[in-house]
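The values are calculated or read from the model by the stated rules, or taken from the named source; none is laboratory data. Model, not experiment: these values are computed from the prediction. In this analysis, Cβ positions are derived from the backbone assuming ideal geometry, glycine residues included, and neighbour counts consider all displayed protein chains.
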Amino acid sequence: MTVTELYGGAIVTELPEGFVDVSEFREVPDDEEVFVLEGNGYPISLIFDLLELEHIEDLKKAHTNIIDDIMDFNGLNSTEYKILKEETYENDASYPVIVYTTAVSGSHAGPKKAPSGFENQPYIGVIATVRLHQGQTDMAITLNCPISEADGASTVEQMLSQDSPATIPLIQTCEAMMKQIVQKLHVRDWTLFA
């Protein structure tokens, strides 16, 4: 794991070795941080997005709204993705966190904020919302892990219905990666949100 500064060092987390900051080779909006990791022939993308605080006390409802916005932004309807797992906890800095693991069909153009390589490719999306009350902000963190043809998953339905050892480790690997990233996330400079 590598200590990584986000938003000019105002937020810090740890990323697995090999993630590259996309802003080194293309423009990224100020409220986002985007990283990619080459793997299995397809890039894994990691997107941090600062959002206006969902004024809903129930973090699960707020997270559902954020998920709906992400899926809608990417042109997905409810038949093209499925939530596989939900987990709620506090990270090391005591920020409330909710994480959904989703399986997404390959019948679309791929995540719009992700680098090329996702077109018509099914993927596992692990999406976290971290509530930063003091900054009146919700942070969405999206980890997109493509499922290669070698994994035997040409559609989400096949991936979910087959007891394929190639896809199950991918899901567990992506979930573990997200948990490590979220656990170590903390704000060093709250003036970022002023």
- request: Tally the residues that are touching a residue at least 40 places away in the same chain (Cβ under 8 Å), among the hydrophobic types (A, V, I, L, M, F, W, C) and assigned to a strand (DSSP E or B), restricting the search to the range 4-57.
  value: 12
message: Tell me whether the range 50-67 contains one or more residues that are under 16 Å from residue 177 (Cβ atoms), surrounded by 13 or more Cβ atoms within 10 Å (Cβ to Cβ) and of a type in the set (S, T, N, Q).
response: no
statement: All-but-one check, residue 92 against (1) surrounded by 12 or more Cβ atoms within 10 Å (Cβ to Cβ); (2) touching a His at 6+ places or on another chain (Cβ under 8 Å), failing number (1)
query: Looking at the range 143-194, which of the residues that are among the charged types (D, E, K, R), over 18 Å from the mean Cα position of the chain (by Cα) and at pLDDT 60 or above is nearest to residue 89 (Cα to Cα)?
result: 188
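Within the range 45-101, can you find the residues that are β-branched (Val, Ile, Thr), farther than 17 Å from residue 139 by Cβ and touching a Phe, Trp or Tyr at 6+ places or on another chain (Cβ under 8 Å)? It would help to see each step written out before you state the result.
Of all residues in the range 45-101, those β-branched (Val, Ile, Thr) come to 47, 56, 64, 66-67, 70, 79, 83, 88, 97-99, 101.
Those still in the list that are farther than 17 Å from residue 139 by Cβ too: 79, 83, 101.
Within the range 45-101, 83 is the sole residue that qualifies.
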field: Hey, residue 125 at pLDDT below 85 and farther than 22 Å from residue 12 by Cβ or not
entry: no
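For residues that are in contact (Cβ under 8 Å) with a residue 40 or more places away in the chain and in contact with a Leu (Cβ under 9 Å, 6 or more places away or on another chain), scanning just the range 58-69, find the one that is farthest from residue 132 (Cα to Cα). Break it down stepwise before answering.
Initially, the range 58-69 is screened for residues in contact (Cβ under 8 Å) with a residue 40 or more places away in the chain, giving 59, 62-63, 66-67.
Of the ones still in play, those that are also in contact with a Leu (Cβ under 9 Å, 6 or more places away or on another chain) are 62, 66.
On the way: 62: 13, 66: 15 Å.
Across the range 58-69, the extreme among qualifying residues is 66.
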query: Does the range 13-20 include one or more residues that are more than 24 Å from residue 172 (Cα to Cα), of a type outside the set (Val, Ile, Thr) and surrounded by 19 or more Cβ atoms within 10 Å (Cβ to Cβ)?
result: no
- prompt: Considering the range 70-80 alone, what residues qualify as being of a type in the set (D, E, K, R) and touching a residue at least 12 places away in the same chain (Cβ under 8 Å)?
  reply: 80
